[in-house]
Amino acid sequence: MPETSVLDMTYDDVAARLLEIGCPRYRADQLWRAVYADLVQSYDEITTLPLDLRVQLADAVPLHVPEIVREAQSPDGATRKTVLRLADGETVEVVAMEYSDRSTACVSSQVGCAIGCPFCATGQSGFVRDLSSGEIVAQVLCVARALRARGRRLSNVVYMGMGEPLLNLDAVLASIRTLNDPRGFALGARSFTVSTAGVVPGIDRLAQEPLQVNLAVSLHAGDDALRDALVPLNRKYPLDVLLGACRRYIGKTHRRVTFEIALVAGINDQPHHARDVASRLMNLLCHVNLIPVNPLPERRDLRRSRPAAVHAFAEMLQAAGIPTTIRDSRGSEISAGCGQLRARGR
Ligand code: SAH
Ligand code: SF4
């Protein structure tokens, strides 16, 4: 097992560990600020600490920053994908997206994914392992550093990269708590969005969480047979059960749930598909995002919906009173778009 990085620890863990080696609590504050406010990548950079202490800290609470293996950016520079190598040699991808009013990090929660949606590149590679909270935090810090170099601040974190966050919920919540900690990175809870293919126990757990994060559910279809094919997890948690959990979540949190629908030409983008979705979501406190699917090279049969079909779909949902937005998936030209992330080569 690789050593536990400081990025895997809570503030209290760090303070307790420092106390063990004879450091007063203010040292923990200094360290926490250096990592999460100054975004240092190694103890050498924390010049506010004496050199011998830096050496001692590097030993007691090592700071592991994953190595950047590759970077790619869209022609306008506003979307960038970074491949990071973890301590055990596995790789994950994180995407930075700059908009006029915000900058978002799209982070991975697992290496690979066990759910195996046919339109998703991550799903094709199978499940390798969960990420630790520190490995998730490290992705966010990597994006925050790159944004800072461009004079911007990170404003949102979406758990929409590789993997199923609700199947690694302990690490996901730990990463959010760390990034939310006002003594360091201080990103507001409402700036986080966790996306799920529909892991019902995870939705129920999130509903009980004091942290006010946003929930996105990848719906893709309002009919069980079709959703079984698009999201194999539907066989375990079919639509009635999934939407029951969403209703409980809304009842408990009073927060709007986002439903994501990746539209595939001829498969789930026809008027009767929109009617199925509308009948499922009517009267639910929700919002729908329609994303024309990013086609995978190995699934040429799953083509992107035509704009006319996407617009017609949106209009039908809106006519049923369901707030609906058409999203362009950023970064498809650099394989950084939704569902195009895969760990290629170590
Ligand atoms: N496993 C989680 C989060 C990661 S996937 C989930 O499925 O929600 C993030 C989002 O990208 C999901 O809404 C997913 O359905 C969508 N997605 C996956 N592959 C896609 C593709 N090829 N084109 C467009 N969206 C895709
Ligand atoms: Fe996994 Fe989400 Fe991809 Fe489905 S869409 S395979 S759940 S990462």
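The values are calculated or read from the model by the stated rules, or taken from the named source; none is laboratory data. Because the structure is a prediction, the values reported are computed rather than measured. Note: ideal-geometry Cβ built from the backbone for every residue, glycine included; neighbour counts use all protein chains shown. Areas reflect the complete protein model, heavy atoms only, side chains present, ligands, DNA and RNA absent. Shrake-Rupley method; radii C 1.70, N 1.55, O 1.52, S 1.80 Å.
Any chance you could list P(r) for region 120-172, counting all Cα-Cα pairs in 5 angstrom bins from zero, rounded to whole %?
4, 17, 25, 20, 17, 11, 5, 1
Counting only heavy atoms of the protein chains, get the accessible area per residue of the chain (1.4 Å probe) and round it to a whole Å² value.
43
Select from Phe127, Leu317, Phe185 the residue farthest towards the positive end of the dipole of the chain; place +1 on Cβ of Lys and Arg, -1 on Cβ of Asp and Glu, and compute about the Cα centre.
Comparing the listed Cα positions along the dipole, Leu317 ranks first.
Counting only protein heavy atoms and using a 1.4 Å probe, what share of the accessible area of the chain belongs to carbon plus sulfur, as a whole percent?
Details: 7550 of 14890 Å².
So the carbon and sulfur contribution to the accessible surface is 51 percent.
What's the magnitude of the charge dipole for the chain around its Cα centre, counting Lys and Arg as +1 and Asp and Glu as -1 at the beta-carbon? Answer in Debye, nearest 20.
820
How big is the Rg/Rh ratio for region 227-346, C-alpha atoms only, Rh by Kirkwood, two decimals?
Ratio of gyration radius to Kirkwood radius: 0.99.
Take peptides 252-264, 183-195, 314-326, 42-54 and line them up by average Cβ neighbours within 10 Å, highest first, as a rough protection proxy.
Descending packing order for the listed peptides: 252-264, 183-195, 314-326, 42-54.
Can you give the charge dipole size of region 295-346 about its Cα centre, rounded to the nearest 20 debye, using +1 on the beta carbon of Lys and Arg and -1 on the beta carbon of Asp and Glu?
340
List the chymotrypsin sites (Phe, Trp or Tyr not before Pro) within region 74-138 that fall in a DSSP loop (any state other than H, G, I, E or B) and whose Cβ has at most 16 other Cβ atoms within 10 Å.
Here the sparse-neighbourhood loop sites are Tyr99.
DSSP beta bridges in region 231-346, what fraction antiparallel, as a percent rounded to 5? Can you show the working numbers first?
Working: 1 of 11 bridges.
In region 231-346, approximately 10 percent of DSSP beta bridges are antiparallel ones.
Looking at region 109-221, what % of its DSSP beta bridges pair antiparallel, to the nearest 5?
30
If you take every DSSP beta bridge fully contained in the chain, what fraction is antiparallel? Give it as a percent rounded to 5.
Numbers: 21 of 44 bridges.
Taking every DSSP beta bridge within the chain, about 50 percent pair in antiparallel fashion.
Can you list the equivalent-ellipsoid semi-axes of region 216-284, largest first and in whole Å, using the square root of 5 times each Cα gyration tensor eigenvalue?
Semi-axes, largest first: 21, 13, 10 Å.
Inverting the mean 1/r over all pairs of different Cα atoms, compute the Kirkwood radius of the chain and quote it in Å.
Values: mean 1/r = 0.0477 Å⁻¹.
Roughly 21.0 Å, rounded to one decimal.
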